[in-house]
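Each reported figure results from applying straightforward, stated rules to the coordinates on display, with no laboratory input. Keep in mind it's a predicted model, so treat the numbers as computed, not measured. A quick note on method: Cβ atoms are made from the backbone with ideal geometry, for glycine too, and the neighbour counts reach across all protein chains shown.
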Amino acid sequence: MSKFRQKLQQLKVAQDSIQDLQALLEVSKRLHATVDVGQLFPLIVNKAIALTRADRGCLMVVRDGDFHIEVARDREGGCLPQDQFRVSHTIVRSVIAHKQALTRPDAWDDEALADQTSVRDLSIRMVLAAPLLIEGEVVGLIYVDSANPGEAMSEQRLQTLEALAGQSAVAFQQALLYGEIETLYQKTKILDRAKLDFIQIASHELRTPLALIQGYAAILPEMEEVTDETRKIFQGILDGTNRLAGIVDLMLLAGEIDQQGLQLQIYDYSLRDLVAQEVDVWQQAIAQDRCLELRVEVEDGPLLWPVDPGRLKMAISHLIQNAIKFTPDGGTVTVTLRRRAEDIQIDVRDTGIGIAAEHQGAIFEKFYRVGDVGHHSSGRTKFMGAGPGLGLYLTRSIVEAHGGKVWVESKNGAGSRFVVRLPAAGR
Ligand code: ADP
């Protein structure tokens, strides 16, 4: 070969290498973006055939401890029946045993292969195979062959196939993980649905007998023959029943929001009155048994705003109750209301135990409570008093139904600030 032709040949090989690399890069991007094995496998085979200029190819994957052909394609991307695609078992076995890619540029020159049916019947000459390795284990294999011998390009094609196999293995592992996560997610969704259905049914069933007990418990303390001693006991029963009914109502409302969203009745209402009333309710509730300062800072004027007063009271009331419950005696809870350019801001600040950063996103989720449930005490205003973990979920649902936002700013041990923003346009 003349020097010139030799140079030309080298240049051609270099050009092909660059093209292969570019193609590999493209393939690699597509592989990593594909998490469905149904799409991933044909993509791997088609690209393997194209990159190695082979006639046909297949992807074998380990299933039940054995290698099976999952997808087989021809050069045009046409489907070849898996059960009729014949591979050279000598090559497959060797790739699996040595965990290394292998090429036979011309099977007719190879004594071990020349007589094999796959080689003879299909006039196969070039064969290339590369293992898919995950953590050192062969989990699959790409196999391509061609009726033309591949002498000149064999090394380069082998390297290309090896690189593709490396990328394919990563994509395959990613697809497997994605599949597992998807299955787990679906299972969790079913369990979650079952849990919510159970809670919903249980709450409905509890509501009727509870209303009955509530009715009788309310009459008992008023009866003439009741002594002061028993009146106290009856009052205790009534308070407990009312609390229980409150929790059941919260559960029913949470279920309702899940199913049909929150229905609001919006009209202009003085937020100044709303906040003042709620602070007042909680002042009285803690008067007997908590030593907390409950402050309110409200701008002048009625601050008329389009809201559903009943629902919004529920949300603000819950934030104040939480602030009381998670602030030890001697602390302060401050409720601030101010008008800003575009919206109204209500802050509920406390000097309590605070919330660690990792819990701050989750506390607005249904039934989420920070820390060990067993360590909570119970009671409406008691320090660390337990609840069903629905309050902030409902608060967020109510605020968002108004077109607003609620979030927390807090530090473990350094108090919390819950911020509610309500836009006027939110109606
Ligand atoms: P619940 O309905 O039981 O009161 P929430 O949804 O209102 O539950 O609150 C969820 C969790 O968020 C509470 O169990 C508590 O751990 C934490 N939390 C809420 N408000 C505060 C606060 N002001 N300070 C500290 N922790 C809080």
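Taking 0.36 nm per residue of sequence separation and removing the Cα-Cα distance, the residue 270/residue 114 pair yields an extension gain of 46.9 nm. A crude spin-label estimate for the pair residue 173 and residue 4, with each label 7 Å from Cα along the Cβ direction, gives 5.1 nm. Between the stretch 62-119 and the stretch 239-274, the C-alpha centres lie 67 angstrom from each other. Which of rounded, prolate or oblate describes the stretch 255-342 when judged by the alpha-carbon gyration tensor and an a/c cut-off of 1.5? Note, shape of the stretch 255-342 comes out oblate.
Using the Cβ-Cβ distance between residue 224 and residue 181 with R0 set to 60 Å, the FRET efficiency from 1/(1 + (r/R0)^6) comes to roughly 0.35.
Its relative contact order, with pairs defined as Cα atoms under 8 Å and 6+ residues apart, puts the chain at 10 percent. Report the net charge of residues surrounding residue 204, where surrounding means a beta-carbon distance below 12 angstrom and charges are Lys +1, Arg +1, Asp -1, Glu -1. Neighbourhood net charge equals -3. Within the straight-line cut-off of under 17 Å between alpha carbons, the lysines reachable from residue 3 are 12, sequence neighbours fewer than 8 places apart in one chain being disregarded. By the count of other C-beta atoms within 10 Å, a proxy for reagent exposure, 253, 262 are ordered fewest to most as 262, 253.
Considering only 217, 306, 176, and ranking their Cα positions along the charge dipole of the chain that arises from unit charges at the beta-carbon of Lys, Arg, Asp and Glu, the one farthest toward the positive end is 176. Straightening the chain between residue 411 and residue 66 buys 118.7 nm, computed as 0.36 nm per residue apart minus the Cα-Cα spacing.
For residue 313, the lysines whose Cα comes closer than 23 Å to its Cα, not counting residues fewer than 8 places off in the same chain, are 325, 366, 382, 405.
Where both bridge residues fall in the chain, DSSP classifies roughly 85% of the beta bridges as antiparallel. Give the residues of the stretch 338-374 whose amide nitrogen is closer than 15 Å to a point set 7 Å from the Cα of residue 386 in the direction of its Cβ. Backbone N within reach: 367-374. An ellipsoid equivalent to the chain, defined through the eigenvalues of its Cα gyration tensor, has semi-axes of 73, 26, 18 Å when rounded to whole angstrom and sorted largest first.
In the neighborhood of residue 44, defined by Cβ-to-Cβ distances under 12 Å, what is the net charge if each Lys or Arg adds +1 and each Asp or Glu adds -1? Neighbourhood net charge equals +2. Of all lysines in the structure, those lying under 23 Å Cα to Cα from residue 99, and not within fewer than 8 positions of it along the same chain, are 47.
Scanning the chain for long hydrophobic helices, with DSSP H runs required to stretch 20 angstrom or more by C-alpha along their axis and to average at least 1.0 on the Kyte-Doolittle scale, returns 37-52. Positive end of the dipole of the chain (Cβ unit charges, origin at the Cα centre): among 46, 59, 138, the Cα lying farthest that way belongs to 46.
Within the stretch 1-45, what residues put their amide N at less than 12 Å from the label point 7 Å along the Cα-to-Cβ vector of residue 159? The answer is 13-21. Built from the Cα atoms of the stretch 35-157, the convex hull projects on average onto 7.6 nm², one quarter of its surface area.
Distance between the C-alpha centres of the stretch 120-135 and the stretch 195-217: 68 Å, rounded to the whole angstrom. With a simple spin-label model that places each label point 7 Å from the Cα along the Cα-to-Cβ direction, the separation between residue 212 and residue 134 comes to 5.8 nm. Using only the C-alpha atoms, the convex hull of the stretch 50-115 corresponds to 111 Å³ per residue. Highest mean packing comes first when the peptides 193-205, 406-418, 305-317, 26-38 are listed by Cβ atoms within 10 Å, giving 305-317, 406-418, 26-38, 193-205. Potential lengthening of the chain between residue 123 and residue 300 amounts to 54.4 nm, from the contour at 0.36 nm per residue minus the alpha-carbon distance.
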